[in-house]
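Everything below concerns the one structure shown next.
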Amino acid sequence: MKLTVLGSGSTNSSRATIGFVLELPNQSIAIDLGFSCFKNMQKTGIDYSKINNIFFTHVEHPDHINDLTAFLFARKGLADSGLSEKIQINLFAGQGLKKFVQNLFVLYPLFENLPFKLNVTELEAHSKNKFPNFSLTTKKMKHRPSSLGFRFEAGGKSIVFSGDTEQNENLVELAKNADLLVAECNFGEEVGGDHMNAEQVAVIAARANAKALLLHHFSPEAEKVDTKAIAAKKFNGVIYVAEDLMQVTV
Ligand SMILES: [Zn+2]
Ligand SMILES: [Zn+2]
């Protein structure tokens, strides 16, 4: 599996906000599409007309879902001009995604007659889902009502996304023996609230026995501290510090 970081920062940082593309053996999927992620997807050369499955870790915060609008607008343009197959696009998230999409259609009536089928699925908080080329396990995270953590498995490899969350036992379980834990690290030295800092993330990665950890979602406060050095005190595995457009192969 190859992971491309589309965005790695919080809204008030100079980075794009949160988004990833995961290239699986036979298809590519996206996980979150925050501010500027769609532009960055095109900078990487990833063919967005081939991405037909998008998973959102939560729907309440635009730093994770804002660029769905850009993605749908671009795909509509391609399909209208006959430049892409009129294939179904599938959106997945926790409870609240259907209402979000309905509201988006009210905001942008041109989306009501999309030239492709838009399939919206609300995932259960603790579920196992089989797809043709991969499996997905979800667990509830502690952030907003729709927040889910994702564990994708394909070809004997596993990659886990925390989404935004504070420390919680579900994330330890979800990341058990994972090849890569992609974890949010919004905080610098502060603790509390509904995010984590580098030390908290590293403790979870160590307890889960994850092989590698990728830190992302950096606020200006998190960028002021050496997140890699802080995490390395608690976690012995490989540590990546995300940058926009960075790629990691698992
Ligand atoms: Zn959030
Ligand atoms: Zn966020």
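Computed from the coordinates by the stated procedures, all read-outs in this text should not be read as laboratory data. In this text the structure is predicted, and so the values were computed from the model without any measurement. Neighbour counts are summed over all protein chains in view; Cβ atoms, including those assigned to glycine, are modelled from backbone coordinates with ideal geometry.
Of the cross-linked pairs Lys139/Lys234; Lys98/Lys140; Lys2/Lys211; Lys99/Lys140; Lys43/Lys98; Lys130/Lys157, those separated by over 21 Å at the C-alpha level are Lys139/Lys234; Lys43/Lys98.
Model label points for Asn90 and Lys233, set 7 angstrom from Cα along the Cα-to-Cβ axis, are 4.4 nm apart. For region 1-109, a simple Cβ point-charge model (Lys and Arg +1, Asp and Glu -1, everything else neutral) yields a dipole of about 80 debye relative to the Cα centre.
Listed by chain and number, the aspartates and glutamates whose alpha-carbon sits under 18 Å from that of Lys76, ignoring those within fewer than 8 places in the same chain, are Asp47, Asp67, Glu85, Glu112.
Here each label is just a point 7 Å from Cα along the line to Cβ, and for Val191 and Val106 those points are 4.2 nm apart. Taking the Cα centre of the chain as origin and assigning +1 to Lys and Arg Cβ atoms and -1 to Asp and Glu Cβ atoms, the resulting dipole is close to 680 debye. Under the criterion of Cα pairs below 8 Å and six or more residues apart, the relative contact order for region 2-249 equals 17 percent.
Here the 3J(HN,Hα) profile of region 215-226, calculated from phi with Karplus coefficients 6.51, -1.76 and 1.60 at θ = phi - 60°, is 8, 8, 6, 7, 8, x, 5, 5, 6, 7, 9, 8 Hz, Gly and Pro shown as x.
For region 9-53, the relative contact order is 31 percent, taking Cα pairs closer than 8 Å that sit 6 or more residues apart in sequence and dividing their mean separation by the residue count. Among the DSSP beta bridges whose two residues both lie in region 2-249, what percent are antiparallel, rounded to the nearest 5? Beta bridges within region 2-249, antiparallel portion: roughly 55 percent. A simple spin-label model places pseudo-atoms 7 Å from Cα toward Cβ; at Glu223 and Thr11 they are separated by 1.7 nm. Placing +1 on the Cβ of every Lys and Arg and -1 on the Cβ of every Asp and Glu, with no other charges, gives region 115-250 a dipole of roughly 660 debye about its Cα centre.
Scanning residues 5 or more positions from Asn90 or on other chains, those with amide H under 5 Å from its amide H are Asn53, Ile54, Asn119, with H placed 1.01 Å from N in the peptide plane. From its DSSP helices (H runs of at least four residues, each -39,500 (n - 2.57)), the chain gives a residue-normalised ellipticity at 222 nm of -6500 deg cm²/dmol.
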